[in-house]
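Asker: Before we start, here is the structure in question, set down as structure tokens.
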Amino acid sequence: MDYKSVYEGKNFGIILFDEPLKLHTNFGIGGPCDVFVEPSKEDELINLIKFNKENNIETTIIGNGTNILVTDKGIRGCVIALSNNYDNIEIKEDHLIVTSGTLLSKASKLSFKNELTGMEEVSGIPGTIGGAVAMNAGAYGREMKDIIESVRLIDRSGNIVELSNQEMDFSYRHSKVFDDDLIVSSASFRLKKGNPEDINEAYKDFTYRRTSKQPLEKKSAGSTFKRPVGSFASKLIDESGLRGYSRGDCQVSEKHCGFIINNGDASFEEMDNFIKEIASIVKEKTGFILEREVKILGDL
Ligand SMILES: Cc1cc2nc3c(=O)[nH]c(=O)nc-3n(C[C@H](O)[C@H](O)[C@H](O)COP(=O)(O)OP(=O)(O)OC[C@H]3O[C@@H](n4cnc5c(N)ncnc54)[C@H](O)[C@@H]3O)c2cc1C
């Protein structure tokens, strides 16, 4: 398909062609997509989804790319990036209404400025609101499901769907977004008025815990594996003797064994094989089965 002529003159936001996805993933891995669009408004997003459907163009959604591993062949069709461009925050008393491209860290900081408590634990997660809602992201005992009141989504035909917290079917690193192939447009958070000093202390504490224990400066997708029932992935990897273990540019972080990092220019195939190797060694040594948390996107 001649994508350039198909999308010519369309008002869907920023449109790029053959964009290397390694530039949009925190792992720094991933081949090109045919079309890369960054909408800035909900009507642009809806029109784009409808347009892609009418033209039989496959649509893939990404946020800040901090929980995805993209294949070397990349993604056919259209990747919609809901990130910097799709960024807005509205505060109404103890509610924060945030569009999905806004960084969770940015929304959290604004809530603290407004003396609202509830987002301290999750403020260091490096994703967007859309990615966090989809994944039911969480840290230090707090997940999206604990602070979200409702979510505004778009289905693959371009219809708006409003779901309550209950209707989102949140569970560990999962939500209805994946079951029903929905797109998060915005989310409403219900927070509480708090004491500014307590909020600041908690924020500083959680930030310190994260920066002192996680290899934030390295290319990774955070915790590679989900937490298995009855243990922790990082503990099992460490006990299997894999701290710092490497193959080419792929390595188990020395600082935090739950993080697998790309030290240079690892390919998808190398990283995928390395992740499988770590899971297989852990199974052999401990009996625990590690399930990948990182989402794989793209053509194999
Ligand atoms: C250093 C580091 C630390 C991390 N720490 C944590 C942590 O403490 N807790 C935690 O839970 N996670 C953590 N993560 C993982 C990651 O940041 C979260 O899962 C985050 O919520 C992903 O958001 P994103 O915008 O980067 O999504 P992406 O990685 O871009 O996408 C993740 C998935 O969500 C989907 N998605 C993204 N946006 C939307 C949308 N608007 N609508 C529908 N689907 C969408 C994508 O299709 C994809 O399947 C960490 C990652 C890194 C690199």
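The values are calculated or read from the model by the stated rules, or taken from the named source; none is laboratory data. These numbers were taken from a predicted model, which means no experiment stands behind them. We place every Cβ from the backbone using ideal geometry, glycine too, and count neighbours over all the protein chains shown. Remember, those area values only see protein heavy atoms, side chains included, never the ligands or the DNA or RNA. Shrake-Rupley method; radii C 1.70, N 1.55, O 1.52, S 1.80 Å.
Asker: Restricting attention to segment 144-169, which residues are open to solvent by less than 30 Å² (accessible area, probe 1.4 Å), outside any helix (DSSP H, G or I) and within 11 Å of the ligand (Cβ to nearest atom)?
Answerer: Within segment 144-169, Val151, Leu153, Ile154 meet the criteria.
Asker: Filter segment 204-244 for residues that are among the polar types (S, T, N, Q) and within 15 Å of the ligand (Cβ to nearest atom) and give the result.
Answerer: Thr207, Thr211, Ser212, Gln214, Ser220, Ser223, Thr224, Ser234 - these are the residues of segment 204-244 that are among the polar types (S, T, N, Q) and within 15 Å of the ligand (Cβ to nearest atom).
Asker: Gly241 fails exactly one of the following numbered conditions: (1) part of a helix (DSSP H, G or I); (2) surrounded by fewer than 18 Cβ atoms within 10 Å (Cβ to Cβ). What is the number of that condition?
Answerer: (1)
The rows are residues; the columns are (1) part of a helix (DSSP H, G or I); (2) touching a strand residue (DSSP E or B) at 6+ places or on another chain (Cβ under 8 Å); (3) closer than 16 Å to Lys193 by Cβ.
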residue: Asp87; (1), (2), (3): no, yes, no
residue: Ala107; (1), (2), (3): yes, yes, no
residue: Phe112; (1), (2), (3): yes, no, yes
residue: Glu121; (1), (2), (3): no, yes, no
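Asker: Could you grab me the full set of residues in segment 14-34 that are open to solvent by 50 Å² or more (accessible area, probe 1.4 Å) and either in contact with a Lys or Arg (Cβ under 6 Å, 6 or more places away or on another chain) or aromatic (Phe, Trp, Tyr) (or both)?
Answerer: Result: Phe17, single match.
Asker: Can you name the condition, by its number, that Phe232 falls short on among (1) more than 21 Å from Thr71 (Cβ to Cβ); (2) touching a strand residue (DSSP E or B) at 6+ places or on another chain (Cβ under 6 Å); (3) aromatic (Phe, Trp, Tyr)?
Answerer: In the conditions (1) more than 21 Å from Thr71 (Cβ to Cβ); (2) touching a strand residue (DSSP E or B) at 6+ places or on another chain (Cβ under 6 Å); (3) aromatic (Phe, Trp, Tyr), Phe232 misses (2) alone.
Asker: Between a first residue in segment 171-182 that is under 16 Å from Val294 (Cα atoms) and near the ligand (Cβ under 10 Å from one of its atoms) and a second residue that is in a loop (DSSP other than H, G, I, E, B) and not acidic (Asp, Glu), which pairs have beta carbons less than 8 Å apart while being 6 or more apart in sequence or on different chains?
Answerer: Tyr172/Asn136; Tyr172/Lys226; Tyr172/Arg227; Arg173/Asn136; Arg173/Ala137; Arg173/Lys226; Ser175/Asn136
Asker: Another question, if that's okay. Do you know which residues across segment 277-300 are on the phi > 0 side of the Ramachandran plot and either within 16 Å of the ligand (Cβ to nearest atom) or surrounded by 15 or more Cβ atoms within 10 Å (Cβ to Cβ) (or both)?
Answerer: Gly298
Asker: Going by what's in this entry, would His95 be described as in the same structural domain as Gly131 (by TED's automatic domain parsing) and either open to solvent by 10 Å² or more (accessible area, probe 1.4 Å) or more than 13 Å from the ligand (Cβ to nearest atom) (or both)?
Answerer: The answer is yes for His95.
Asker: For residues that are within 10 Å of the ligand (Cβ to nearest atom) and among the charged types (D, E, K, R), tally how many sit in segment 100-140.
Answerer: Within segment 100-140, residues that are within 10 Å of the ligand (Cβ to nearest atom) and among the charged types (D, E, K, R) number 1.
Asker: Another one. With the condition kept exactly as written, say whether any residue in segment 262-276 is within 16 Å of the ligand (Cβ to nearest atom), surrounded by fewer than 15 Cβ atoms within 10 Å (Cβ to Cβ), basic (Lys, Arg) and within 22 Å of the chain's Cα centre (by Cα).
Answerer: The answer is no, given that none of the residues of segment 262-276 is within 16 Å of the ligand (Cβ to nearest atom), surrounded by fewer than 15 Cβ atoms within 10 Å (Cβ to Cβ), basic (Lys, Arg) and within 22 Å of the chain's Cα centre (by Cα).
Asker: Next question. Could you tell me whether Leu69 is closer than 25 Å to Arg173 by Cα and surrounded by fewer than 19 Cβ atoms within 10 Å (Cβ to Cβ)?
Answerer: no
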